[in-house]
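See below for the structure under consideration.
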Amino acid sequence: MNTAVNVNVVHESEAQRQHARVKIPAKLRFFGNEAKPLEVRVHDLSAGGLSFNAGQQMLTVGAVHKGRLQFVIDNLGLAMDVELQIRSFDRQSGRVGCQFQNLEPQDISTLRHLITSHLAGDIISMGDVLATLQRDNFTKARKTKDSGSGMTAMGRLRAVTFSAGIFIVGLAAFGFVLKSVYGMYFVSHAQAGLVNVPGMNVTMPRDGTVQSLVQTDGAVAKGAPLASFSTSMLDVLKGHLDENQLQPAKVEELFGKQMTGTLTSPCDCTVAQQLVADGQYASKGDVIFQLVPKGSQATVEARFSYRQFGDVRPGTPVNFQIAGEDDVRTGTIVSSTSLNSSDLSSDIRVQIKPDAPLSSAFAGRPVEVSSDRGPSMNWLIDKAMAAGL
């Protein structure tokens, strides 16, 4: 078999061992000596080479010669330029064995057609030869089953890394889509929510300024002073002055006098918030402090749409996250009421009891609340046990 043929093509019959020698009338003319070129008659021809008698010519084994192989078909000459390598040389008989080198695909097809037709006993015509040359008698080379298909270790590493990266990106995209679909169909989100702490308000008894005596988040006992306030004497005596005391000079004197007082705590509480800053003027009845009784439990209030009625029943577990925190907390809905009982399309307000106690410092903070009604691991286990698996 010719091993020097272009490796990118494989003939349809190369998988079989077809090296039959046939005696086809042909001549071989060597190039190189234009004055008297060497011309010999071919003894036998095969798909891989040919043999001839060199006579007295001395040829070197391994040498490569160029020549022209000539056939006569339908009284027409068919010439084929070939390269031959001397593989054997018998000095006594003069017989020379050659192997074809670097044959073109058309030359390979022509040789195989001539040899096959001769072996089959068919008459070779020029039309058959031309038809053979017009056909595509070659296929792509078969893949070699070697390790890595000739790739280097670095190339294989890059290929594996790229494939792993594509797989991870695809997996992340699939997870994102799955999470979005799950959140759309199985998770109900509250429209609004906040931390509610039951507390008491301390108001300003008269118009005046206030000065706090306790820091925010500070604990105070019942009856302990919270702040001091000062007010004009005229405001204190208003409604109790007769006509003689309402003289301009007397009013100016009373206006210049100040009376001080003290705001005390109505319970054992913690100062949750001071609403009026120190030294700021406050009117009578304004809330100065918000107090949280000791032992009181903070809850979460949330507002859901009326369409989520079945998802916010009392006893439903929910998840919530307080603004400023990274942790997600859990709780249970303890009550569910309508914001406006006369409006059937109004929103639903629910009260949530946290599973873990909440600090009163979270009072008033916004909360994100969600109710997950999708399948969980416990749900799957219950379904499997109900099915008897």
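Where a number appears in this text, it was derived from the coordinates with a stated rule and is not lab data. Keep in mind that what you see is a predicted model, and the values were worked out from it rather than measured. Neighbour counts are summed over all protein chains in view; Cβ atoms, including those assigned to glycine, are modelled from backbone coordinates with ideal geometry.
Here are a few things to note about the model shown:
- Descending by average beta-carbon neighbour count within 10 Å, the peptides 160-169, 205-214, 314-323 line up as 205-214, 314-323, 160-169, the highest first.
- Model label sites at residue 313 and residue 23, defined 7 Å from Cα along the beta-carbon direction, differ in position by 10.4 nm.
- In terms of surrounding Cβ atoms within a 10 Å radius of their Cβ, 352, 24, 333 rank from fewest to most as 24, 333, 352.
- For the range 46-133, averaging the sequence separation of C-alpha pairs within contact (under 8 Å, six or more residues apart) and dividing by the residue count gives a relative contact order of 30 percent.
- Interchain or long-range residues, amide H under 5 Å from residue 227's placed H: 213, 263
- Stretching the chain fully between residue 102 and residue 88 yields a gain of 3.1 nm (0.36 nm per residue, less the alpha carbon separation).
- Gain on full stretching of the segment that runs from residue 217 to residue 325 - 0.36 nm per residue minus C-alpha separation: 37.0 nm
- Computed FRET value (nearest 0.05) for residue 207 with residue 169, which takes r as the C-beta separation and R₀ as 56 Å: 0.25
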